[in-house]
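The values are calculated or read from the model by the stated rules, or taken from the named source; none is laboratory data. As the structure is a prediction and not an experimental result, all values here were calculated from the model. As a convention, Cβ positions derive from the backbone with ideal geometry for all residues, glycine included, and neighbour counts pool all protein chains shown.
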Amino acid sequence: MFITPISLRSLLAAGLLSAPLWAAAHHPWLLPTQTVVDNPEGLVSVDAAASEDLFEYDARGLALDGLVITGPDGASLSPKAVNAASRHRASFELSLPLPGTYRVANVTQGVMVSYTSGGEAKRFRGSAEAWEKARPANADDVRLAKTASRVETFVARERPSDKPFAPTGKGLELIPLDPPVDLSDGDRTRFRLLLDGQPLADAPLSLLRGGNRYRYQMGELLLRTDARGEFVVTWAEAGRYWLGANHAAPVTGDNAQASRASYTATLEVRPR
């Protein structure tokens with residue numbers, strides 16, 4: 001897809017590549033019908049959307065082309081059924097065959113490219129593979145920014161797993177060091193934030209509780225990772241929570257590649 005006249009240089013100058021991927025739009029999220037599944041079929045449904053009011057259907061559904069579902073044994077699963085994104089939501093149904101915790105994510109990667117062709121400024125957005133195919137032979141002043149996002153949640157059948165998930169080593173991701181399901185108010189949960197498989201130190205995160213439609217303030221809690229990329233959340237009250245982080249690589253030189261990554265998770269805390 002080619003668009004004119006805005007360039008990547010303009011985006012960098014405006015600081016947009018250092019802002020959260022959701023800052024200019026809405027908060028993306030995956031929301032399961034329940035986080036601990038105990039029905040005989042092991043079935044759970046998940047809604048996928050981006051919204052201004054957390055966990056409300058006030059904006060758009062998410063495309064689910066990048067679903068990655070990992071079971072407690074490390075095996076990949078496919079959703080049982082996927083409903084295409086409607087104006088306000090998308091959804092899918094998942095069967096959990098084994099006891100333990102499942103990692104349910106929607107992962108997207110792509111590039112933003114600005115360049116000139118025949119003296120005209122142009123812009124491309126899409127996958128890296130699509131850019132290589134579409135790149136004009138006379139493209140000059142090429143500036144490329146890689147983007148990656150991971151929107152996920154965690155569900156368990158019957159009981160949480162004791163063992164943390166193995167990192168994928170790609171983009172920004174969160175590794176729960178304590179079970180991220182079956183949480184109650186007053187619990188403390190440890191997490192590690194990784195970038196391309198390595199701990200990300202001194203990184204800011206945002207924690208928001210759902211229901212902000214009915215409050216005057218978002219009630220945002222700002223967190224920060226330590227030198228090992230770890231942080232702890234003490235759940236003060238029950239509810240559904242949205243946890244988000246983003247990272248932008250510094251850009252130097254005329255031909256340098258920029259990159260930015262975002263991560264969001266939905267977690268549920270029940271009354272004790």
Note down all Cβ pairs under 8 Å where the first residue falls in the range 38-53 and is closer than 16 Å to residue 69 by Cβ, the second is part of a strand (DSSP E or B) and of a type in the set (Asp, Glu), and they're at least six residues apart or on different chains. 43/93; 44/93; 45/93; 46/93
Taking the range 22-57 and keeping only residues that are over 23 Å from residue 148 (Cα atoms) and loosely packed, with under 13 Cβ neighbours inside 10 Å, one is left with 38, 39, 40, 41
Taking the range 63-81 and keeping only residues that are in contact with a Leu (Cβ under 8 Å, 6 or more places away or on another chain) and buried (at least 16 other Cβ atoms within 10 Å of the Cβ), one is left with 69, 70, 71, 72, 77, 79
Among (1) over 20 Å from residue 76 (Cα atoms); (2) more than 24 Å from the chain's Cα centre (by Cα), where does residue 193 come up short? (2)
Cβ-Cβ under 8 Å, sequence separation 6+ or interchain: first residue in the range 55-83 and at pLDDT 90 or above, partner assigned to a strand (DSSP E or B) and exposed (fewer than 14 other Cβ atoms within 10 Å of the Cβ). Which pairs? 68/76; 69/76; 70/76
Hey, can you tell me all the residues within the range 241-257 that are small (Gly, Ala, Ser) and at pLDDT 75 or above? 244, 245, 248, 249
For residues in the range 47-75 being charged (D, E, K, R) and more than 28 Å from residue 162 (Cβ to Cβ), which is farthest from the chain's Cα centre (by Cα)? 58
Any idea how many residues of the range 39-64 are out of contact with any strand residue (DSSP E or B) (no Cβ under 8 Å at 6 or more places or on another chain) and acidic (Asp, Glu)? 2
So which residues in the range 101-143 are surrounded by fewer than 18 Cβ atoms within 10 Å (Cβ to Cβ), under 30 Å from residue 29 (Cα atoms) and touching a residue at least 60 places away in the same chain (Cβ under 8 Å), if there are any at all? 107, 109, 125, 126
What single numbered condition from (1) at pLDDT below 90; (2) under 18 Å from the mean Cα position of the chain (by Cα) fails to hold for residue 118? (2)
When you check residue 229 against the structure, is it within 29 Å of residue 93 (Cβ to Cβ), in contact with a strand residue (DSSP E or B) (Cβ under 9 Å, 6 or more places away or on another chain) and crowded, with 19+ Cβ neighbours inside 10 Å, yes or no? no
Please report, ordered by residue number, the strands (runs of 3 or more DSSP E) entirely within the range 130-218 with at least 1 residues that are hydroxyl-bearing (Ser, Thr, Tyr). 140-157, 188-195, 204-209
Output the residues belonging to the range 20-35 that are in a loop (DSSP other than H, G, I, E, B), at pLDDT 50 or above and closer than 17 Å to residue 206 by Cα. 25, 26
